[in-house]
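Have a look at the structure below before the remarks.
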Amino acid sequence: MAMLGVIGGSGVYDIEGLENPTWTRVESSFGAPSDEILIGRLYGLDMAFLPRHGRGHVYTPSTINYRANIDALKRVGVTDILALSACGSLREDLPPGTFVLIDQYVDRTFAREKSFFDTGCVAHVSMAHPACACLSEKVAKAASAVAVPFVRGGTYLVMEGPQFSSLAESRLYRQWGMDVIGMTNMPEAKLAREAEIRYAPIAMVTDYDCWHPDHDHVDVTSVIAVMHKNGDNARALVKAVAKRGIDAPPTCTARCDRVLDNALITAPSARDKTMMTKLSAVAGRVLNT
């Protein structure tokens, strides 16, 4: 059975309209998730919502326990994730208010745990196409239906933070051909791939990065106004996706839900039992066969 998970970024801290909503504490093998998970149903679809930074926005991009978040979502049965995040634009034609359906990343983070697998159980998954094309297609159709301004495809430069870019960095990323910049989609996308959860990232532009000549003239009030509008559009988009429904696995033509079939390298006889226990949720499908 399909279950849609929503990871809310800056400006998106809840999902409205859930039937029988319940905040549920979920234990993870990888520590504490950012918050409890809000579980309910929307248009007959099982839903799970997790605020990436915690309610009240208490975690920085670098202190979020990404492994615990993805592990906890997997444990409650999530098969698909809509990953909402605020970002800065590196292109003139991606103004504030635009939603970018990301399909590629350049990962510049360096202070985060990036894999569930470790000594005792080694695995390598492909990140050639980090977003699930099947789920992203559903998001695009839903965005069109509710008139959310969006662009299909884009490369997200993930920086460590929590400080924003220097002007020299911002100009460099534009030279590289990056489209948007943010701090939270990595290692989240990598971990969702390892957990065999279909992942569709939606980057919500709040402002131009500091490369833009008008950047210094943008005040906090205008940025907050854009964030509120983005939040409203994000909630409308989530409802539209839920209304259309999610296909139950294993129908993903991109095989996002089967990436571990040929990823495990460590021989069964050499696998560490403690690691096997930690991986029971994210890799249980292949470890138990």
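The values are calculated or read from the model by the stated rules, or taken from the named source; none is laboratory data. Computed from a predicted model, the values in this text were never measured in an experiment. Cβ sites come from the backbone with ideal geometry, for glycine too, and all protein chains shown count toward neighbours.
Give me the pairs, please: first residue somewhere in region 199-223 and assigned to a strand (DSSP E or B) and surrounded by 15 or more Cβ atoms within 10 Å (Cβ to Cβ), second residue anywhere and at pLDDT 95 or above and among the aromatic types (F, W, Y), beta-carbon distance under 6 Å, and either six or more positions apart or on two chains.
Filtered contacts from region 199-223: I202/F99; A203/Y156; M204/F99.
Step by step: first the residues of region 17-33, then only those that are in a loop (DSSP other than H, G, I, E, B) and touching a strand residue (DSSP E or B) at 6+ places or on another chain (Cβ under 9 Å), then the one that is surrounded by the most Cβ atoms within 10 Å (Cβ to Cβ). Which residue is that?
P33
For region 131-181, name all the residues that are among the acidic types (D, E), free of Cβ contacts under 8 Å to residues at least 12 places away in the same chain and closer than 21 Å to R112 by Cα.
E169
Please specify each residue of region 45-99 satisfying the condition of being touching a Gly at 6+ places or on another chain (Cβ under 8 Å), charged (D, E, K, R), within 27 Å of K141 (Cα to Cα) and not in a strand (DSSP E or B).
R52
Can you pull out the residues in region 139-160 that are surrounded by 21 or more Cβ atoms within 10 Å (Cβ to Cβ) and in contact with a Lys or Arg (Cβ under 8 Å, 6 or more places away or on another chain)?
A142, L157, V158, M159
If A236 satisfies every condition in (1) surrounded by fewer than 19 Cβ atoms within 10 Å (Cβ to Cβ); (2) outside any loop (DSSP other than H, G, I, E, B); (3) over 22 Å from the mean Cα position of the chain (by Cα); (4) modelled with pLDDT of 95 or more but one, which is the exception?
Status for A236: all satisfied but (3).
L191 - would you say it is farther than 25 Å from D93 by Cβ and part of a helix (DSSP H, G or I)?
Against the criterion (farther than 25 Å from D93 by Cβ and part of a helix (DSSP H, G or I)), L191 qualifies.
Determine which member of the set A147, A123, A143 is of a type in the set (A, V, I, L, M) and on the phi > 0 side of the Ramachandran plot.
A147
Which residue pairs have Cβ atoms under 9 Å apart, sit 6 or more places apart or on different chains, and have a first residue in region 88-107 that is in contact (Cβ under 8 Å) with a residue 60 or more places away in the chain and within 23 Å of A133 (Cα to Cα) and a second that is part of a strand (DSSP E or B) and of a type in the set (K, R)?
V100/R152; L101/R152
Which condition number does V12 fail, the rest of (1) surrounded by fewer than 17 Cβ atoms within 10 Å (Cβ to Cβ); (2) touching a Leu at 6+ places or on another chain (Cβ under 7 Å) being met?
Going through the list (1) surrounded by fewer than 17 Cβ atoms within 10 Å (Cβ to Cβ); (2) touching a Leu at 6+ places or on another chain (Cβ under 7 Å), V12 breaks only (1).
Can you tell me how many residues in region 16-50 are more than 11 Å from A68 (Cβ to Cβ) and of a type in the set (S, T, N, Q)?
Qualifying residue count for the region: 3.
Name every residue in region 161-183 that is surrounded by fewer than 16 Cβ atoms within 10 Å (Cβ to Cβ), in a loop (DSSP other than H, G, I, E, B) and either modelled with pLDDT of 95 or more or of a type in the set (S, T, N, Q) (or both), in order of residue number.
Scanning region 161-183 gives Q163, S166, W176, G177.
Can you name every residue in region 34-58 that is on the phi < 0 side of the Ramachandran plot, in contact (Cβ under 8 Å) with a residue 40 or more places away in the chain and exposed (fewer than 15 other Cβ atoms within 10 Å of the Cβ)?
Within region 34-58, R55 is the sole residue that qualifies.
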